[in-house]
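See structure below.
The numbers here are math on the coordinates, done by the rules we state, and not lab data. Model, not experiment: these values are computed from the prediction. All Cβ positions, even for glycine, are placed from backbone atoms using ideal geometry, and neighbour counts span all protein chains on display.
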Amino acid sequence: MKNKLLILAIVSFLTGCGYGLDNPEQTPPAKTATDFPATEAIVSIGTAVQASTDTSTVVPTDTATVVPTVITTDTPTWTSTNEPTQTATHMPTQTSTPFVSPIDFSNIVTLKEEIPRIVWESAKNEVRSNYEDSRSLVELKVLVGPSTTPYYNENEDAFRNAIAFWAQFPQPPEYFAFLYNFEDKPWAVSKFKEMPFYSKGMERSVDAPCQHIPQACTGANSGIFGANTGVGVVGIYPPDASDPYRFGPLQIHEYTHAVQAAPWIGAKDPNRGHQTMPSACWLGEGQAHFAGLAVGSDSLEKYLQLREMQVKGHPVEGFNDYSADAILDFYRDTDCLPGKSPEYALGYTIGYLTVEALSAIGGPTSSMGLNTRAALYSVGEVKEKEFNQIFQHVYGISWNEAMPILAKVVADTVASLTYK
Ligand SMILES: [Zn+2]
């Protein structure tokens, strides 16, 4: 039990990061040292990986100091009740963009080819509708290292699009994005120490994106630091400039990790909220990846290209059966720790396609309703029973009923992308 708590606390250090390591030419299996899963686990998990592997030197296991979580007192009670506690009051408001979809749970298997168009168009509509009003929602600061050349100049726009996309949901009042190459790591450390959210040891997270290739920072990580500040660390490595994922989708993906934790602002460690949900294995990276790809694609055609690249580009060693039954088993896995569990990386494929399907049914941002509902419970109190109720509230049917339908959609979609 103690070990589990320790792991939970460390997992909570940051939310995972997603960083597309795919090459534009798109070959499924890992081709380089930068590909999945060996490297991804470290960064993407940003969190537990460090805890449970030898990467503890990167973010030592005392990262409780980074996100001030008192391990022993932040223990889930495990006395699950049906009644939400009063710990959180954030609830999504009505979306400003009416969402009408021909797709529901009864016909999604037959209409699955309509999913990408519906979600891409509605995601764009959501951003457009919210863009102006959302500019004052979050104080955004993009900080670039002195010797760092970002992949492009629209980083701030990408983050702004992410803020607009999630405008109907709780967000951190401030978000700092640090973009830096390997040479600028000392700059990032010194900047961290100047930040109002800084607490001793926090600067170690600067290393998180720099664990995949020697003397290079290619990953990214994001979450809530301190009480309520969103922070993203994004490594810049010139050879990655050929990867279209880095031109918007990555930034939006990372920002989404901070939004995922935002409903728990006020709890001791906001990052732990969504990471302890029974859906953590598929929803955590799936939600971030869906937002990144849909919002970060300028056209439906580009979205379809990125979608295929990402699904093919995150193979998971030891997991080769993408049948509906195997996907069901993955859904039922509620304990896939980054780094420890290779299936964590299925969040970038199965998780992403699951959130995409849900977004086609309930609207492009609907999945964040799961987080905001879950935040009505204390951290760690959402178990299977509660999650079923939360899911039913958001989507109209229980998670148990939805699972086989979604598994079939995802299995068919993976097959169509892989074998076409
Ligand atoms: Zn991620």
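Of note:
- Annotation: peptides 397-403, 293-299, 130-136, 175-181, ranked by per-residue average of other Cβ atoms within 10 Å with the highest first, follow the order 175-181, 293-299, 397-403, 130-136.
- When each of the peptides 303-314, 326-337 is scored by how many other beta carbons lie within 10 Å of its residues on average, the order from highest to lowest is 303-314, 326-337.
- Filter on Lys268/Lys340; Lys193/Lys268; Lys340/Lys383; Lys191/Lys268; Lys191/Lys312; Lys312/Lys385 - keep pairs with C-alpha separation over 27 Å: Lys191/Lys312; Lys312/Lys385
- Net charge of the neighbourhood of Pro186, taken over other residues with C-beta under 15 Å away and scored Lys/Arg +1, Asp/Glu -1, is -1.
- Computed over neighbours whose Cβ is under 14 Å from that of Pro238, the net charge equals -3, Lys and Arg +1, Asp and Glu -1.
- Region 370-420 and region 140-191 have Cα centres lying 31 Å from one another.
- Cβ crowding within 10 Å averaged over residues, with 233-241, 371-379, 409-417 ranked highest first: 371-379, 233-241, 409-417
- Shape category assigned to region 179-305 from the gyration tensor of Cα positions, a/c cut at 1.5: oblate
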